[in-house]
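Reviewing the structure listed below.
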Amino acid sequence: METIRTVCPLDCWDQCGLIVKKDGEKIKGIEADPTHPVTASMICSKGRLHLQRTNHPDRLRYPLLKEGDSFKRITWTQALEVIADKIRIALNDHGPLSLLHFYDGGYTGLVKNIESRFFSALGGCTMHKGSLCWGAGLAAQKYDFGAVKSNPYQDLLNARMIIAWGRNPAYTSIHQMNYIRQARAAGTRVVVIDPVLTSTADNCDQYIRIKPGTDGALALGMARVVIENGLVNKEFIEQYSTGFDRFVETCSEFTTAKTAEITGIPEEIIEELAFAYAQNNPSAILIGIGLQRHSNGGNTVRAIDALAAISGNIGLAGGGANYANFQVDRFIDHDYLSGSDLNPQRRFYSKPHLAKALMDLKEPPIQFLYISRANPLVQVGDSNALAEAFNKVPFIVTAEHFMTDTAAASDLVLPCANFLENEDLYYNSMGHQCINYGLKVSDPPGECRPEYDFLKELADLLDLDHDRFPRYGTDELISRAIKPLIEAFNLDLEMIRKQSPFMLPEFNGIPWSDGEFQTENGKYSFYSAAAEKETGSGLPEYFAPVELSDPLLKQNGYKYWYATPHPRDSIHSTHRLPEAGKKPIVYLHPKTVREEGLSEKGQVKVITERGYIIAGLVSSERVSRDTVLLCQGLWHGSGAAVNRLTPDRLTDFGDQAAYYDCLCRLEKI
Ligand code: SF4
């Protein structure tokens, strides 16, 4: 049996090393790479699903062109000629900004990023800014620290207290969860703050239920307790920060009584938690993504960062305001990959506003939409509006593995090779800083091709200059894109390939331990001039989430918080099996079930102002009485694609989708 080393390409914190077992041409199994410093001997069900997906009978195998209401098989030559033709017409009639390139995190390897250079080589395109997923938190940490970095997972073993704040690593980061369990077994106090009693909360010492969207108020209220009781770290504040005095003023209004009223957490718990957090250094906070999917999400992360900073938990082993980890990223030549060096024309829209961009942009209107690594018809908020907007676009091309909702709504579908069928470099785990090389394991089925492969052919058809869009081999392209990494550490691609997985020596440390922040003035910013300029407020502040506090909606019966977290078995919708989601489930508190007159084993209609979905009902005390919970990621065929109901509202900054600022009502079926 042959074994080949590769990498899980999913949009997951852990970016696991994988070992693929092959017997002749047949892939027999996918296992954890035991040499990977984070993966160790464990991968999750999502990683194991790659085998089924790769060999699935519904996998797209040939280019498909829409004809009437169905698709017909065409050759690659025909497909690329059609695309080249549509692009030429759009460029001639409307210019490059009439092309829109939409992509997301359906795949995390480096090579597919060259698509952006393809559009830059054409002269530019309309593209998104911000994120569907985590943009508010990223923007917040850039204001505060100047960059987004976290302590290594294994550093949790140095913490005396861990707060998983809106984060559920038992589902979303099993390797981090492993360290939490180990730390707890060794005596570390583990606290979970979350509106939902998650699986992570099953493994903690204290679960604190908080009202959704009020985490920022809790952070400011805790900060006030820390400040007023003289528990601040004076050395950090005086030497390494700026704007503390103004932050004190912001916190002062968040008395414990007021914080308790906003958050629903009893006063004595808020006080005890604040004391324990500040007096138990080092204490680590793990900041979740869900808490920044509210209209106040960016400010929430800034408030939590500030709490960590005043208590001296920044730059400390066992501490940190740990949101995500962008460390290797600065050694990737993104200017080259994106084609910024070609000075392309660009027009930006906020990513959650894809429907508005397609419907409303004029001069020029969008004529050609290219989608890859994404399933926006399922993932973008208010997806019914997006489906309407798709009808307005003259031509849509989607590169995919399966006939997703987005692929089905396209005019042309291109069948892509998956991660096992192509080599790539993986450097961008959200949790660790390990660099991994993924070897090619097998040939793609049917006529599936890697994107870079067919983009090169398309570039030939469109006469794109080789300097503008390179016709490299995969090796050459990766080497070019990681030139800064190669130069900084005196490496070459062969060394990286052979030594994979490996950690660059400088990344094993604790971020910010040298006290040098990457903000404009080199200090931690309680007050950020950049934030003030861009958002109107230089300090973290709390305001109530827009829809969750809308009295009119509540009067009209929309009184439940519509929560759509990640399930255990999937990350978003792009890597699901087509048959998944046959029985969608909505979780309601038993008292809600009774009050609404619903039947325990029946179905329920969940309604917002944007649409409705129907799902089977499960009663569970894991959710509070005012919560309706459905996991995200199901396709529309399930009847419960959750974003039919969510708004396309933006967060306070970071151009992030405020999915969780959403009220719904229930109807008996
Ligand atoms: S989904 Fe995450 S935890 Fe699961 S195998 Fe992939 S990288 Fe590892």
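Assuming a ≥ b ≥ c are the square roots of the Cα gyration tensor eigenvalues, decide whether segment 136-323 counts as rounded (a/c under 1.5), prolate (otherwise, with a/b larger than b/c) or oblate. Rounded, since a/c falls under 1.5.
Modelled this way, with points 7 Å down the Cα-to-C-beta line, the labels at K601 and I269 are 3.4 nm from one another. FRET efficiency for the R61 to E476 pair, using the beta carbon distance and R₀ = 30 Å, is estimated at 0.60.
For G611, no residue whose modelled amide H falls within less than 5 Å of its own remains once neighbours fewer than 5 places apart on the same chain are excluded.
Modelled this way, with points 7 Å down the Cα-to-C-beta line, the labels at E579 and S45 are 1.5 nm from one another.
Where in segment 209-231 is the amide nitrogen less than 20 Å from a point lying 7 Å along the Cα-to-Cβ axis of D626? Only 209-222 pass the distance filter.
Using C-alpha pairs under 8 Å with a sequence gap of at least 6, the mean separation divided by the residue count of the chain gives a relative contact order of 21 percent. Which of the pairs K66/K440; K22/K66; K22/K112; K112/K351; K582/K668; K211/K668 have their Cα atoms more than 28 Å apart in this structure? The pairs that break the limit, which is 28 Å between Cα atoms, are K66/K440; K22/K66. Please work out the FRET efficiency for the pair D467 and N490, using the Cβ-Cβ distance as r and a Förster radius of 30 Å; give the result to the nearest 0.05. The calculated FRET efficiency here is 0.65. Summed over qualifying helices (DSSP H, 4 residues or more, each -39500 (n - 2.57)) and divided by its residue number, the chain shows a 222 nm mean residue ellipticity of -8500 deg cm²/dmol. A straight Cα-to-Cα reach below 13 Å connects K483 with the aspartates and glutamates D329, D333, D335, D475, D492, residues fewer than 8 places away in its own chain not being considered. Extension gain for L552-I614 works out to 19.9 nm (0.36 nm per residue, less the C-alpha to C-alpha distance). The label point for E2 and the one for K498, both projected 7 Å from the Cα toward the Cβ, are 2.1 nm apart. The slack between Q279 and N521, meaning 0.36 nm per residue of separation minus the straight C-alpha distance, is 84.2 nm.
For the pair segment 227-263 and segment 63-128, the centres of their Cα atoms are 51 angstrom apart. Please find the FRET efficiency linking K392 to R88, where r is the Cβ-Cβ separation and R0 is fixed at 25 Å, and quote it to the nearest 0.05. So, using R0 = 25 Å, E works out to roughly 0.75. Applying the Karplus relation 6.51 cos²θ - 1.76 cosθ + 1.60 with θ = phi - 60° to segment 316-327 yields 3J(HN,Hα) values of 10, 4, x, x, x, 9, 8, 10, 8, 9, 10, 10 Hz, where x marks Gly and Pro.
In a DSSP loop and with at most 16 other Cβ atoms within 10 Å, the chymotrypsin sites (Phe, Trp or Tyr not before Pro) in segment 523-582 are F543. When peptides 67-76, 122-131, 390-399, 308-317 are sorted by average Cβ neighbour count within 10 Å, with the highest value leading, the order is 308-317, 122-131, 390-399, 67-76.
Taken together, the values in this text are just the output of simple stated rules run on the coordinates, not laboratory data. Nothing here was measured: the structure is a model prediction, and the numbers come from that model. Please note: Cβ atoms are built from the backbone with ideal geometry, for glycine as well, and neighbour counts cover all protein chains shown.
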